[in-house]
Amino acid sequence: MKKNTIHLLVAAASSLLCAAPSISAKTFTESMQQGSVIKVNFRTRYEDVTEDVLNAQGNKSGEKEANAWTTRSRLSYQSGAWNGFGFTAEMDNVSEMTNEVDYRTAGNDPLNTNKAIIADPIGTEVNQGFISYTTFNNQIKYGRQRLILDNARFIGNVGWRQNEQTYDGVSLTNKAIRYTNFTYAYIKNVNRVFGEANAGLGDLNMNSHVLNASYTGFDAGKLIGYAYLLDVENPIAQFGLTSDTFGARWQGTVGETFTYNLEYAAQQDAGAKQAFDADYLLAEGTYTVSRYSIGLGYEVLGSDNGAYGFATPLATLHAFNGWADKFLATPKDGLEDKYVNLGVTFAGAQALVSYHKYDADFGSADYGDEIDLSISKKVGAVVWTAKYAQYAMGDAATKITDTDKFWIMADWNF
């Protein structure tokens, strides 16, 4: 755990004890033990990646391959409550099940440079460690914590990767107004999926403010407004610059069979060296009948005249723009993603087929297309999942190469 997080936890614990000297240690200990919960989770996954390599002329000159058989072991502890206070701790260990790491964990990984990237670094980390204070309408968390807002398009935990993304800072959730949920978070550091040992990518030092408010008092849906004011102290070029993003989202329903989402956001520089502004647009709908569902969507991450693409550096990126993860960083020409999803439930299993067509928002570049397949089924205490993604490049000039990925995963809790 980072030193600043340890200092936060120690300071909060000291304040807690000093604030109530009349409460005996025995009463405190008994209160914390009563209602405490310990959870154990194991997630074993095999991932195989094959991607083309292009020469200077944009023609295929070879392939990069990688495979990873990893297991994430997670131990979680949540204390009971004492005068509204509680404590949560969570440790993760990611281990390679073979004798050799046969993949790169990030773009700057000096090992296995001829291998494709699988962003599951080996190691042990404190995933969460925070003190909380809860009342009827409020909850405050102080320390390292998981943050997921709305559909995780802007603020997420990247839960698909073995090493989860968590945040160092303080968060407040307030429900004092009927039908309204308000969330504020101050983020000092982001513990990214690449791991602390990966210099330059593992941690994102910040001085950022996150605000999100939702209202559910409408019969037809839920209205959300947000402001994400990101001040990145060590900006990583491919993940966007320091920026301010303001937006609104509507999650609507029509009867019991049709749901839809409409969203718009505007992003601009916030003291960065380069001035920019870009827009975000989403329109999607899903029709469900019996065991079947069909969804259509159109998402645009806009461009500032080809100089800057709308960035979502804290998102759960794997959940958007295809599972092949070819657009983790928005191209400077922006991205238009037109997609269709077909789902079916049978014999207790959930299957999904998705098709994506990608184009530039600025100019006429063809970014290619992608087919994604998945099936998931719970057998006893284990959830089994198999996924496949096939991305086919468009214009050779984009240098976004053909890629195939396959996963099989078992996830079980104790």
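A simple packing score, the average count of other Cβ atoms within 10 Å per residue, orders the peptides 383-393, 146-156, 61-71 as 146-156, 383-393, 61-71, with the highest score first. Shape class of the range 262-411 from the Cα gyration tensor (axes a ≥ b ≥ c, square roots of the eigenvalues): prolate, since a/c reaches 1.5 or more and a/b is larger than b/c. Rounded to the nearest 20, the size of the Cβ-charge dipole of the chain about its Cα centre is 1640 debye, with Lys and Arg at +1 and Asp and Glu at -1. Sequentially through the range 170-181, phi angles give Karplus couplings (6.51, -1.76, 1.60; θ = phi - 60°) of 10, 9, 9, 10, 10, 10, 5, 8, 4, 6, 10, 10 Hz, Gly and Pro residues having no value and appearing as x.
The P(r) of the range 162-295 has a tail past 24 Å containing 47 percent of all C-alpha pairs. The base-10 log of I(q)/I(0) for the range 26-128, evaluated at q = 0.21 Å⁻¹, reads -1.03 [Debye formula, identical scatterers on Cα atoms, solvent excluded].
What percent do you get for the relative contact order of the chain when only Cα pairs under 8 Å and 6+ apart count?
Answer for the chain is 11 percent.
Each eigenvalue of the Cα gyration tensor of the range 103-160, multiplied by 5 and square-rooted, gives one semi-axis; in descending order these are 34, 15, 7 Å. Within the listed set 275, 265, 227, the Gaussian network model of the chain (springs between alpha-carbon atoms below 10 Å) gives the highest mean-square fluctuation for 275. Applying the Kirkwood pairwise sum to the alpha-carbon positions of the range 303-386 produces a hydrodynamic radius of 14.5 angstrom. Of the whole protein surface, residue 264 contributes about 110 Å² of accessible area at a 1.4 Å probe radius. Amide hydrogen proximity for residue 161: with H placed 1.01 Å from N in the peptide plane, no residue at 5 or more positions away or on another chain lies under 5 Å.
Sequentially through the range 354-363, phi angles give Karplus couplings (6.51, -1.76, 1.60; θ = phi - 60°) of 10, 10, 10, 10, 10, 9, 6, 7, 10, x Hz, Gly and Pro residues having no value and appearing as x.
Subtracting the Cα-Cα distance from 0.36 nm times the residue separation, let me have the gained length for residue 275 to residue 290 in nm, one decimal. All intermediate terms of the calculation are to be shown ahead of the outcome.
Numbers: separation 15, 0.36 × 15 = 5.40 nm, distance 4.99 nm.
Taking 0.36 nm per residue and subtracting the Cα distance, the gain is 0.4 nm.
Remark: spin-label model distance residue 256-residue 375 equals 2.9 nm, labels positioned 7 Å along the Cα→Cβ axis.
With the simple model of a label 7 Å out from the Cα in the direction of the Cβ, residue 60 to residue 319 spans 3.4 nm. Given the options 39, 222, 399, which has the most mean-square fluctuation in a GNM of the chain, springs set between C-alpha atoms less than 10 angstrom apart? Looking only at 39, 222, 399, the biggest GNM fluctuation is shown by 39.
Segment residue 332..residue 346, full-extension length gain: 0.9 nm, with 0.36 nm per residue of separation and the alpha-carbon distance subtracted. Computed from the Kirkwood radius of its Cα pairs, the Stokes-Einstein diffusion coefficient for the chain at 37 °C and 0.692 mPa s stands at 142 µm²/s. Extension gain for the segment residue 215 to residue 95, taken as residue separation times 0.36 nm less the Cα-Cα distance, is 38.9 nm to one decimal. Compare 400, 122, 177 in a GNM of the chain, Cα atoms joined below 10 Å, and give the one with the largest fluctuation. Evaluated over the chain, the most mobile residue of the options is 177. Extending 7 Å from the Cα toward the beta-carbon at both residue 177 and residue 307 defines two label points whose distance is 3.7 nm. Entry note: the range 34-192 has Rg to Rh equal to 1.09, where both radii use alpha-carbon atoms and Rh is the Kirkwood radius. Rg over Rh for the range 89-134 works out to 1.17, both radii taken from alpha-carbon positions and Rh defined as the Kirkwood radius.
The values are calculated or read from the model by the stated rules, or taken from the named source; none is laboratory data. Nothing here was measured: the structure is a model prediction, and the numbers come from that model. Don't worry about glycine lacking a Cβ; one is built from the backbone with ideal geometry, like all the others, and counts go over all protein chains shown. Just the protein is used for accessible areas: all its heavy atoms, side chains included, with ligands, DNA and RNA removed. Shrake-Rupley method; radii C 1.70, N 1.55, O 1.52, S 1.80 Å.
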